[in-house]
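Report on the following structure.
The values are calculated or read from the model by the stated rules, or taken from the named source; none is laboratory data. This structure is a prediction, so every number in the text was calculated from the model and none was measured. Please note: Cβ atoms are built from the backbone with ideal geometry, for glycine as well, and neighbour counts cover all protein chains shown.
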Amino acid sequence: MRNYQKLLPGIGVCLAIAIPSWLLGKMVPVIGGPVFSIVIGMVVALIWTPGAACKPGVAFTSKKILQTAVVLLGFGLNLSVVLQTGRQSLPIIVCTIATSLLVAYALHKLLHIDANISTLIGVGSSICGGSAVAATAPVIHADDEEVAQAISVIFFFNVLAALLFPLLGQAIGFDTSSGEAFGIFAGTAVNDTSSVTAAASTWDSMWALGSQTLDKAVTVKLTRTLAIIPITLVLSLVQAKKAGGGQGGFRLKNAFPMFILWFICASVVTTVCTSLGVPAAIFKPLKELSKFFIVMAMAAIGLNSNIVKLVKSGGKPLLLGGCCWAGITAVSLLMQRVMGIW
């Protein structure tokens, strides 16, 4: 109980930002609650840094509440839809991951960027942002400073994606009567789950699509996240070879995000219930709660940002992150065009 009490101040701060952000998102759907929440959190972080009393709750909100939001989304998805979306997006996912890793390796050689930072930014950009960085860091023996710098770079482009991608989607002519094209784009081109959900929620709000885009984007993103396992395994083998043998740092339990399993379980529950005649509308409150949890998580992520420190930390990692981000975006759009999705 005491551990949970320690979380309350930080959760309360995130909630205080999330409630007005949620209301503003309803009033201005073209921006959406998640974007309002990120921006307000970032502004607050410039004048107030969460202290020891708030840090545990803010960290809990940015990770656990976001993962809970993703799990709750599973209650609105039929398992057959999840599998179909995964198969549809797989070619795009493979191409975007390959692009990011190749760009990171090339710039590491050309610009003499630190190998660990290049690896962390390349893997984080291509798979799932901070989660991929956290899984990869112990495998390649990255230190705390390298991890912090990589996460800061990825976060910067996450925020840009959440703010700009809905406008980009509108400008290039994505279908606004369906969330399919933008959902696949967000799920394959945005780095972290947080910004995937933010961008997708904004698109849903802009065009009154309910949660069509969010459902599609999250399913694609979770399919993409599974790439953590083979990537970290390969890196572990490379590290073991460099060390002249040994076990490396790969652990399946650490590499596999368990919330994906719970998301699938939630989808199975929905599939079974609807097949037995339970109306799908019964799951609607859970999906609304999921959307609010996403807004809360965006507030926590905004509070954890330090844009000033990021800019001062050096241009090369930012350039690397920007090139990976641009490459992934271009390849995602190209593959969707080739496959006839938009």
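Considering only residues that are among the small types (Gly, Ala, Ser) and over 22 Å from GLY210 (Cβ atoms), look in the stretch 52-77 and name the one that is nearest to the chain's Cα centre (by Cα). Within the stretch 52-77, the match that is nearest to the chain's Cα centre (by Cα) is SER62.
Given the conditions (1) touching a helix residue (DSSP H, G or I) at 6+ places or on another chain (Cβ under 7 Å); (2) assigned to a helix (DSSP H, G or I); (3) at pLDDT below 80, and given that ALA148 satisfies all but one, which numbered condition is not satisfied? ALA148 satisfies all of (1) touching a helix residue (DSSP H, G or I) at 6+ places or on another chain (Cβ under 7 Å); (2) assigned to a helix (DSSP H, G or I); (3) at pLDDT below 80 except (1). Scanning the stretch 159-196 for residues that are of a type in the set (Val, Ile, Thr) and buried (at least 19 other Cβ atoms within 10 Å of the Cβ) returns VAL159, ILE184, THR188, VAL190, THR193, VAL196. It is to be established whether one or more residues within the stretch 27-40 are more than 16 Å from ALA297 (Cα to Cα), in contact (Cβ under 8 Å) with a residue 24 or more places away in the chain, surrounded by fewer than 22 Cβ atoms within 10 Å (Cβ to Cβ) and β-branched (Val, Ile, Thr). Checking the stretch 27-40: at least one residue is more than 16 Å from ALA297 (Cα to Cα), in contact (Cβ under 8 Å) with a residue 24 or more places away in the chain, surrounded by fewer than 22 Cβ atoms within 10 Å (Cβ to Cβ) and β-branched (Val, Ile, Thr).
Of all positions in the stretch 26-45, none carries a residue that is modelled with pLDDT of 90 or more and of a type in the set (Phe, Trp, Tyr). In the stretch 210-223, the residues that are in a loop (DSSP other than H, G, I, E, B) form Cβ pairs under 7 Å with partners that are at pLDDT below 90 and not polar (S, T, N, Q), at six or more places apart or across chains, as follows: SER211/GLY76; SER211/LYS287. Take the residues in the stretch 284-317 that are modelled with pLDDT of 85 or more and farther than 23 Å from SER62 by Cα, then tell me which one is surrounded by the fewest Cβ atoms within 10 Å (Cβ to Cβ). In this case the residue turns out to be LYS316.
Identify all residues within the stretch 12-26 that are within 21 Å of the chain's Cα centre (by Cα) and either without any contact (Cβ under 8 Å) to a residue 60 or more places away in the chain or within 23 Å of LEU168 (Cβ to Cβ) (or both); write none if there are none. Answer for the stretch 12-26, where residues must be within 21 Å of the chain's Cα centre (by Cα) and either without any contact (Cβ under 8 Å) to a residue 60 or more places away in the chain or within 23 Å of LEU168 (Cβ to Cβ) (or both): SER21, GLY25. Return yes or no: is SER62 modelled with pLDDT under 85, in contact with a helix residue (DSSP H, G or I) (Cβ under 7 Å, 6 or more places away or on another chain), surrounded by 22 or more Cβ atoms within 10 Å (Cβ to Cβ) and of a type in the set (Gly, Ala, Ser)? Yes. Among the residues making up the stretch 106-132, those that are under 22 Å from LEU226 (Cβ atoms) and either outside any helix (DSSP H, G or I) or without any contact (Cβ under 8 Å) to a residue 24 or more places away in the chain (or both) are ILE127, CYS128, GLY129.
Remark: MET298 matches the filter, which requires a residue to be touching a Pro at 6+ places or on another chain (Cβ under 7 Å) and either part of a loop (DSSP other than H, G, I, E, B) or within 21 Å of LYS64 (Cα to Cα) (or both). Kindly indicate whether THR219 is over 22 Å from MET339 (Cα atoms), modelled with pLDDT under 90 and surrounded by 24 or more Cβ atoms within 10 Å (Cβ to Cβ). When the stated conditions are applied, THR219 does not pass them. There is at least one residue in the stretch 257-269 that is at pLDDT below 90, part of a helix (DSSP H, G or I), closer than 15 Å to LEU72 by Cα and not hydrophobic (A, V, I, L, M, F, W, C). Quick one: is ILE154 within 19 Å of VAL35 (Cβ to Cβ), at pLDDT 80 or above, touching a Gly at 6+ places or on another chain (Cβ under 9 Å) and among the aliphatic types (A, V, I, L, M)? Yes; evaluated as a whole, the condition is true for this residue.
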